[in-house]
Amino acid sequence: MITVKDLHKSFGDLEVLKGIDATVDESEVVCVIGPSGSGKSTFLRCLNLLEEITAGEVTINGDKLTDPSVNINDVRTQVGMVFQHFNLFPHKTVLDNITLGPIKVKGLSINEAKDVGLKLLEKVGLSDKADDYPDSLSGGQKQRVAIARSLAMNPKVMLFDEPTSALDPELVGDVLEVMKDLAEEGMTMVVVTHEMGFAKEVGDRVLFMDEGIIMEEGEPTQIFDNPQNPRTQSFLSKIL
Ligand code: ADP
Ligand code: MG
């Protein structure tokens, strides 16, 4: 589903990604871990062209993102992204937040979009919040709305950038549960997270990123219980 070859990304003189090679198979859940500043967010943002790619190749579902003729809006429809901060529109209801994209970008009628939105709200356990405004929701509920909003575009791949890091601990579980359901339905997912429990239970593979490269990758149990690279060992000893 995703192939990344020798991906480089620089901001001016600062080279942040220094040659990333990675593949993600259809229905695979790949978790990305690594220290702050190692380039995890930049890597995800390159996968849906929120960042211009400096060099290398990224192919998603057969579309070469690095091809100059690629349609950025098509790519963003196919590759959903959920951020640490939910970025909901505060002056729109929960349902309107979800239906906006399908109506504007996909050309659904208001009623079609509402049907989609209500089904997704049910899926994330927030059917009763359709007419509420984001400010009245908890962080965990907002994040579940953000996931529903992303899913409303019917993406082929979902990218999550530390989706639970801004949440109070007691709200994390519900969000991870929604992500787990999504994984079980076969969604292809790349998840930047330090939630080891999630990575072990749901992840098929873990990538450890440091200094703009993938230092180590493997199955979750191998990475967490028996890391080979000293950098991975040192990172895990700090967070576990
Ligand atoms: P992580 O998500 O692993 O914490 P990031 O991808 O956010 O890392 O950042 C990696 C490096 O790239 C950091 O040094 C950060 O300051 C830098 N960086 C990220 N975005 C920009 C930008 N838009 N302009 C300049 N530097 C940036
Ligand atoms: Mg980040």
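The values are calculated or read from the model by the stated rules, or taken from the named source; none is laboratory data. Remember, predicted model here, so these are calculated numbers, not experimental data. In this analysis, Cβ positions are derived from the backbone assuming ideal geometry, glycine residues included, and neighbour counts consider all displayed protein chains. Calculation scope for accessible area: heavy atoms of the full protein, side chains included, ligands and nucleic acids excluded. Shrake-Rupley method; radii C 1.70, N 1.55, O 1.52, S 1.80 Å.
Which strands (runs of 3 or more DSSP E) sit wholly inside segment 1-106 and have at least 1 residues that are of a type in the set (A, V, I, L, M) and open to solvent by 20 Å² or more (accessible area, probe 1.4 Å)?
Passing ranges, in order: 14-24, 55-60, 79-82.
With respect to G125, is the statement that it is open to solvent by 40 Å² or more (accessible area, probe 1.4 Å) and free of Cβ contacts under 8 Å to residues at least 60 places away in the same chain true?
Against the criterion (open to solvent by 40 Å² or more (accessible area, probe 1.4 Å) and free of Cβ contacts under 8 Å to residues at least 60 places away in the same chain), G125 qualifies.
Determine whether segment 167-175 contains at least one residue that is within 22 Å of N48 (Cβ to Cβ) and away from ligand 2 (no atom under 16 Å from the Cβ).
yes
Any residue at all in segment 15-33 that's among the basic types (K, R), touching a residue at least 60 places away in the same chain (Cβ under 8 Å) and within 16 Å of ligand 2 (Cβ to nearest atom)?
no
I need the full set of residues from segment 147-178 which are under 23 Å from V105 (Cβ atoms), open to solvent by less than 10 Å² (accessible area, probe 1.4 Å) and not in a loop (DSSP other than H, G, I, E, B), in order please.
Within segment 147-178, I147, A148, V157, M158, L159, F160 qualify.
Looking only at segment 179-197, filter to residues that are in a loop (DSSP other than H, G, I, E, B) and within 16 Å of ligand 2 (Cβ to nearest atom); which one of those is surrounded by the fewest Cβ atoms within 10 Å (Cβ to Cβ)?
Ranking the qualifying residues of segment 179-197, first place goes to H194.
Report every pair of residues separated by at least 6 positions or lying on different chains whose Cβ atoms are under 8 Å apart, first residue within segment 132-144 and in contact (Cβ under 8 Å) with a residue 24 or more places away in the chain, second among the polar types (S, T, N, Q) and open to solvent by less than 50 Å² (accessible area, probe 1.4 Å).
Sorted first by the residue in segment 132-144, then by its partner, the pairs are D132/T93; Y133/T93; P134/N97; Q143/T164.
Examine segment 159-179 for a residue that is hydroxyl-bearing (S, T, Y) and in contact with a Lys or Arg (Cβ under 8 Å, 6 or more places away or on another chain), and state whether such a residue exists.
Within segment 159-179, not a single residue is hydroxyl-bearing (S, T, Y) and in contact with a Lys or Arg (Cβ under 8 Å, 6 or more places away or on another chain).
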